[in-house]
Amino acid sequence: MDHMIDGVVITRLTVIPDDRGRLMEIMRCDDEGFERFGQVYITTTYPGVVKAWHMHRLQTDHMAAVQGMFRLALYDAREGSATHGVLQEVYMGIHNEVMVRIPPGVYHGWMCISEEEGMVVNVPDLPYDRADPDEYRLPPDTPAIPYDWARRMG
């Protein structure tokens, strides 16, 4: 899957190591493409577990894996998009330190492919609205998205 979905931006993150450990900036308000801040949260996933599919109509996500490794899958469900129907994969985590910007209308989900629990930090541009959540879900095996979550061996 070499296709890129329109509006999905993958930014290589800078890691600064020293004798005490390391520092990794995920997002700054002066970064190109930064629009606004909604909230920051962490979500974890156990090895081999799939969390999918999830989409927002208003919210833009900015995700970075800070522990473990993930296979992030994206599917463009936006009618009229130049990349409507395109699937994209991104490996993110300790061996590929990137931040992925996911625009509204793009379904996304991931599988933790590391042997330890993985951790993702998300900085969406809108806060979660508990009274009227902007989230739309499909099961991982939905026929609406032609994607196979099987672990890849070999």
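All of the numbers you see were taken from the coordinates with simple rules; none came from a lab. Keep in mind it's a predicted model, so treat the numbers as computed, not measured. Quick reminder, even Gly has a Cβ in these numbers, built from the backbone with ideal geometry, and neighbours come from all protein chains shown.
For the reader, a short list of remarks on this structure follows.
- For the stretch 1-75: rounded, prolate or oblate by the Cα gyration tensor [a/c cutoff 1.5]: oblate
- Taking 0.36 nm per residue of separation and subtracting the current Cα-Cα distance, fully stretching the chain between Leu13 and Trp149 would add 46.3 nm.
- Size of the stretch 9-127: Rg and Dmax of its alpha carbons, in Å, are 14.4, 51.
- Given +1 at the Cβ of Lys and Arg, -1 at the Cβ of Asp and Glu and no other charges, the dipole of the chain around its Cα centre is 240 debye to the nearest 20.
- Relative contact order %, the chain, counting alpha carbon pairs below 8 Å whose residues are six or more apart: 35
- When the stretch 9-127 is described by a simple charge dipole with +1 on each Lys and Arg Cβ and -1 on each Asp and Glu Cβ, the residue from Val123, Tyr75, His62 located farthest towards its positive end is Tyr75.
- Label-zone membership for the stretch 32-68, site Ile94, 7 angstrom Cα→C-beta point, backbone N under 18 Å: 43-49, 64-68
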